[in-house]
Amino acid sequence: MFKTTVAGSLPKPAWLAEPEKLWASWRMEGEDLVRAKKDAVLTWLKVQETAGIDIVSNGEQFRVHFVHGFLEQIDGIDWEKKTKMGIRDDRYVVDVPTVTGPISRPRPVHSDEVSFTRANTTQELKFTLPGPMTICDTIADEHYGRRADMAMAFAAILNDEAKELAALGVDVIQFDEPAFNVFMEDVKEWGIDALHRAIEGLPCKTAVHICYGYGIEENLRWKETLGSEWRQYEEIFPALNQSRIQQISLECAGSKVPMSLMALLKDKEVMVGAIDVATNVVETPEQVAATLREAMNHVDAERIFPCTNCGMAPLPRAVAEGKLASLGAGVEIMRKELS
Ligand code: ZN
């Protein structure tokens, strides 16, 4: 009971990239860089296993950013042609690359890193891919015309990629859709359809991660505008409960999300965020246990998968290590309590 997992990203060690930064550039290149990324994966596998994490991730050590790590290998995108775009409904204005023609995936994107990760742990393995809606909110479109159409095109190539990764031994493929908490109407109109296209025929478990983002300044400012209760999930959970996605990852710890909203996911496995990624304060195992106890008021224990609220990429490494240890220890408290 309480199979423990992580949302996805973990900090890059200081010898691999500048710490505590999103979009940090690599410290080396070529073969040295590939070797260093592998070393970082080995480090995080060990940390997760020691902490008692049941379903581990490679910490996204191979990619600079959770969306662009996939897009960099996709044809049809002009990386020189930058378009200024207010992404996540104008929460951040950034220069994004532009889709200028039909997109295609000329070769596998993540196979090598997945083969390496799979060979180095016997734990269940999760792999994260950006979701179609979030991709479309992170890249400009000069070809498809409608966001829903571009999302379907990305969903098709994500599906090809996901099938290959599942064949390499990935147990859980998770699509990251922070945009689902911003464009709630689009989720119901085409977002879930795009996810269904992305998971078509997958033999492994499928998940979607929906959060309020990394603990960076732009997100903290946005959260200030959301009022005393964050009820975005309420608009999309009923539709997600009817979807074919098996696991839903949501944020709880230290956030203003009413825990009762997870009761809307009565047919799903629920990844309960019991670790706040927007603070460097490491929660105690007892605090983790308290979050899980409260989740049990709304979700049967056998459907609860304790998790982090979001990725931990921008956190100091020691903080992320401490939070993983507390997650594992908090789950242990609960297992003892319930046995
Ligand atoms: Zn997240």
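A few comments on the model shown:
- Placing R0 at 30 angstrom, the Cβ-Cβ distance between Arg335 and Lys21 gives a FRET efficiency of 0.25 after rounding to 0.05.
- Order of Met150, Met334, Met28 - criterion: other Cβ atoms within 10 Å of each residue's Cβ, fewest first: Met28, Met150, Met334
- Ranked by the mean number of other Cβ atoms within 10 Å of their residues, highest first, the peptides 75-85, 46-56, 11-21 come out as 46-56, 11-21, 75-85.
- Semi-axes of the equivalent ellipsoid for the stretch 115-243, computed as √(5λ) from the eigenvalues of its C-alpha gyration tensor and ordered from largest down, come to 26, 19, 14 Å.
- For the stretch 30-338, the relative contact order is 14 percent, taking Cα pairs closer than 8 Å that sit 6 or more residues apart in sequence and dividing their mean separation by the residue count.
- What the phi angles of the stretch 130-137 give under the Karplus curve with 6.51, -1.76 and 1.60, with θ = phi - 60°, is a coupling list of x, x, x, 5, 5, 4, 5, 8 Hz, glycine and proline written as x.
- The lysine pair tally for the stretch 1-120, using Cα distances under 26 Å and a gap of 8 or more places or different chains, is 15.
- Spread of Cα-to-Cα distances over 20 Å intervals beginning at zero, given as percent, for the stretch 30-338: 33, 61, 5
- A cut-off of 5 Å between modelled amide H atoms, ignoring neighbours fewer than 5 places along the same chain, links Tyr92 with Ile87.
- Set against the 2.2 N^0.38 Å expectation for a compact globular protein, the stretch 22-69 has a Cα radius of gyration ratio of 1.24.
- Relative packing of 128-134, 295-301, 257-263, which averages over residues the other C-beta atoms within 10 Å, highest first: 128-134, 257-263, 295-301
- For the chain, cysteines whose Cβ has no other cysteine Cβ within reach (under 4.7 Å): Cys136, Cys204, Cys252, Cys307
- Each of the peptides 244-250, 106-112 was scored by the mean count of other Cβ atoms within 10 Å over its residues; in descending order, highest first, they stand as 244-250, 106-112.
- Taking amide H atoms as placed 1.01 Å from N in the peptide plane, the amide H of Lys256 lies under 5 Å from those of Trp230, each 5 or more residues away in sequence or on another chain.
Where a number appears in this text, it was derived from the coordinates with a stated rule and is not lab data. Because the structure is predicted, anything quoted here is derived from the model rather than measured. Ideal geometry is used to build each Cβ from the backbone, glycine not excepted, and the neighbour counts take in all protein chains shown.
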